[in-house]
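Got a structure for you, written out below as structure tokens; questions coming shortly.
The values are calculated or read from the model by the stated rules, or taken from the named source; none is laboratory data. The model shown is predicted, which means the values in this text are computed figures rather than measured ones. Backbone-built Cβ (ideal geometry, glycine too); neighbour counts: all protein chains shown. What goes into the accessible areas is simple: the full protein's heavy atoms, side chains included, and nothing from ligands, DNA or RNA. Shrake-Rupley method; radii C 1.70, N 1.55, O 1.52, S 1.80 Å.
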Amino acid sequence: MVAATTVSAATVEHSFYVKNFTVTRLCNRQVITAVNDSLPGPSLRVREGDKLIIHVFNKSPYNMTIHWHGVLQLLSAWADGPEMITQCAIRPGNKYTYKFRIINQEGTLFWHAHSSFLRATVHGAIIIRPRVRHSYPFPTPYREVPIVLGEWWNANVVDVETQALALGVGPNLSNAYTINGWPGDLYPCSQNQMYKHRVKQGKTYLLRIINAAVSSHLFYKIANHNVTVVAVDARYTNPYVTDVMVISPGQTVDVLLTANQPVGSYYMTANNYASGSGTAVGVPFNPTTTRGVIIYQGASSSTTPLMPVVPAFNDTPTAHKFFTELTSLVGGRHWVPVPLNVDHKMFVTVGTALDVCPPNVSCLGRPPVGAALSASMNNVSFVSPTSLSLLQAFFFNVGGVYTTDFPANPPVQFDYTNPSINLDPPLLFAPKGTRITKFKFNSTVEMVMQNTAIIGVENHPMHLHGFDFHVLAQGFGNFNPATDTPTYNLVNPQMRNTVSVPVGGWAVIRFVANNPGVWFMHCHFDGHMAIGLSTAFIVENGPTPDTTLPPPPKDLPQC
């Protein structure tokens, strides 16, 4: 339901009914948790400046929150949604209404559950168009098409996570990848379960591509077609022509596709970019490919679609080229120049780790018997609070919920990307705690995120709530300030809310802490977030009422 409020903005209101839903995939009837009996869930179509009111009715058997991934939530941190960070869960049988505005953002984002593995089936697109009488910084497309990439398990996804935590290992691999909820004809019983999009020759389409997969970077290609990237994570880019994209979990890419090939049918594909390896546990992955099809108007139904050459799963050069060559559209709407004076510098190691086998965990499988898989940011494995959300504890000044002593540097310097560190037990075990960082309002933060080879090395998609950041540089090996700082792009770096820290490498981000509240930063592999590859930032209130976080809504769920 949409109710106009002014010429340039509106109130967009939806009801989300989260409940069990039975679908058939891969030869099986499976009960999933979904919104409004659909997979993916409903797309939210708004304009910049609009207010959203989303009524969430939790009719599922699970605790539930919804996160509006990439929405800045300026002065609306209470609506951000991560469980135990900004709110307690919406319990089964209860409801909660999220209210927030879309401010200074255009492009594609998405919403998803932020409780356990429910994100696998509880997700959908957020499509943000310019305000009325504003245009795109590119020719108006003939049609706009959401392309939601996902993962499918022949299992209850909550049980998948529960089993992994009970065994102290990583979660079981998914059984398929999906495009708009369909696995495609390379999977069993899926000949007629493939996404199809019909096009007119000569027309240009805006594909809004979302990686909603739980734990997989995905290459995406369309046979015989180049595309032009025009935005990432709801930030406009300089036009970038490519025939292949790689999209990390939590990232979005907007591309222009012109139907300029001979009339026929052309497969689109998504397959895993699996960068991980490790001497201790290895990093298994799902090697399958999902595909949909682009069908030109007038194409014969008997025509066999052309198949693209699918990138190799370990094609890091292609992935790194795509991740690093994108640049921001300087002077475009909502462009933000790079802040040049830095107030807080952080060097944060990110990777997996071990935990002494906790009570009620078997620890009989990988990693080494007697230890559970864990994670580490500067040798801290994050633990969510249980009695009160971090935002509530901060706002009401409740002690004992968290400490603000997250280290700005690793406690021990070492050869971060050398696999031989797997033999050094003091580096393997990361103490658990709810240790976070506090920033003054409007301070500028620069963070070097350094991948480590502890346990295994892989590409980590790090997502920051509440902010977009400039990605100043990315590289391989150990970050070297003397040689790597001069490579920073301070002119037109891409802006993101999720950066893929390269396998065995590093990434540098910078942002202004101008949004009061508590903001989660975590790996967007749900299995890694579950074991503590996370931290949080407090941004203090500013000096004026319009830079001060308001009190929580009266109906905010309680623990």
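Place a label point 7 angstrom from the Cα of Q558 along the Cα-to-Cβ direction, then list the residues of the range 390-434 whose backbone nitrogen is under 19 Å away.
390-399, 401
Distance between Cα centroids, the range 76-92 to the range 321-337: provide it in whole Å.
Between the Cα centre of the range 76-92 and that of the range 321-337, the gap is 31 Å.
Could you tell me the distance between the Cα centroids of the range 133-168 and the range 421-493, to the nearest Å?
Spelled out, the Cα-based centre of one part sits 25 Å from the other.
While we're on this one: Determine the calculated [θ] at 222 nm for the chain from helices alone, applying -39500 (n - 2.57) to every DSSP H run no shorter than 4 residues and normalising by the residue count; nearest 500 deg cm²/dmol. Let's see the in-between values first.
Values: 6 runs with 40 residues, N = 559.
Computed mean residue ellipticity for the chain: -1500 deg cm²/dmol.
On to the next question. Taking a probe of 1.4 Å, how large is the accessible area per residue of the range 136-238, in Å²?
Numbers: 3640 Å² over 103 residues.
Accessible area per residue: 35 Å².
Something else now. How far apart, in nm, are the 7 Å Cα→Cβ label points at C27 and N341?
6.6
I'd like to check one number: the per residue accessible area of the range 367-486, probe 1.4 Å, reported in Å² as a whole number. Please report the intermediate quantities before stating the final value.
Details: 4660 Å² over 120 residues.
Ligands and nucleic acids excluded, the result is 39 Å² per residue.
Multiplying the sequence separation of D546 and T304 by 0.36 nm and subtracting their Cα-Cα distance, what value in nm do you get? Walk me through the numbers on the way to the answer.
Numbers: separation 242, 0.36 × 242 = 87.12 nm, distance 5.90 nm.
Answer, rounded to one decimal: 81.2 nm.
How much area per residue is accessible in the range 11-94 when the probe is 1.4 Å and only protein heavy atoms are counted (Å²)?
Roughly 32 Å² per residue, with all protein chains present.
Considering Cα pairs under 8 angstrom that are at least six residues apart, work out the relative contact order of the chain and quote it in whole percent. Please report the intermediate quantities before stating the final value.
Working: 1556 pairs, mean separation 82.1, N = 559.
The value is 15 percent.
Now for a different question. Of all DSSP beta bridges in the chain, what percent run antiparallel (nearest 5)? If you can, show how the numbers build up before the last one.
Working: 107 of 146 bridges.
Looking only at bridges with both residues in the chain, the antiparallel portion is about 75 percent.
Rounded to the nearest 5, what is the percent of antiparallel bridges among the DSSP beta bridges in the range 8-134? Don't skip to the end; give the middle numbers.
Working: 27 of 40 bridges.
If we restrict to bridges inside the range 8-134, about 70 percent are antiparallel.
Fully extended, how many nm does the chain gain between D159 and S362 (0.36 nm per residue separation, minus their Cα-Cα distance)? Don't skip to the end; give the middle numbers.
Numbers: separation 203, 0.36 × 203 = 73.08 nm, distance 1.60 nm.
In short, 71.5 nm is gained.
If the only charges are +1 at each Lys and Arg Cβ and -1 at each Asp and Glu Cβ, what is the size of the charge dipole of the chain around the Cα centre, to the nearest 20 debye? Write down the numbers at each step before the final one.
Details: 35 positive and 30 negative charges, 303 e Å.
Roughly 1460 debye, rounded to the nearest 20.
If packing is taken as the average count of other Cβ atoms within 10 Å, what order do 469-482, 374-387 fall into, highest mean first? Numbers along the way, then the final one.
Details: 469-482: 17.6, 374-387: 20.8.
Per-residue Cβ counts within 10 Å, averaged per peptide and sorted highest first, yield 374-387, 469-482.
Under 8 Å for C-alpha pairs, at least 6 residues apart: give me the relative contact order for the range 281-374, rounded to a whole percent.
Computed over the range 281-374, the figure is 21 percent.
Within the accessible area of the chain, what % is carbon and sulfur when the probe is 1.4 Å and the other protein chains stay in place? Walk me through the numbers before you get to the answer.
Numbers: 11090 of 20630 Å².
Reported share for carbon and sulfur atoms: 54 percent.
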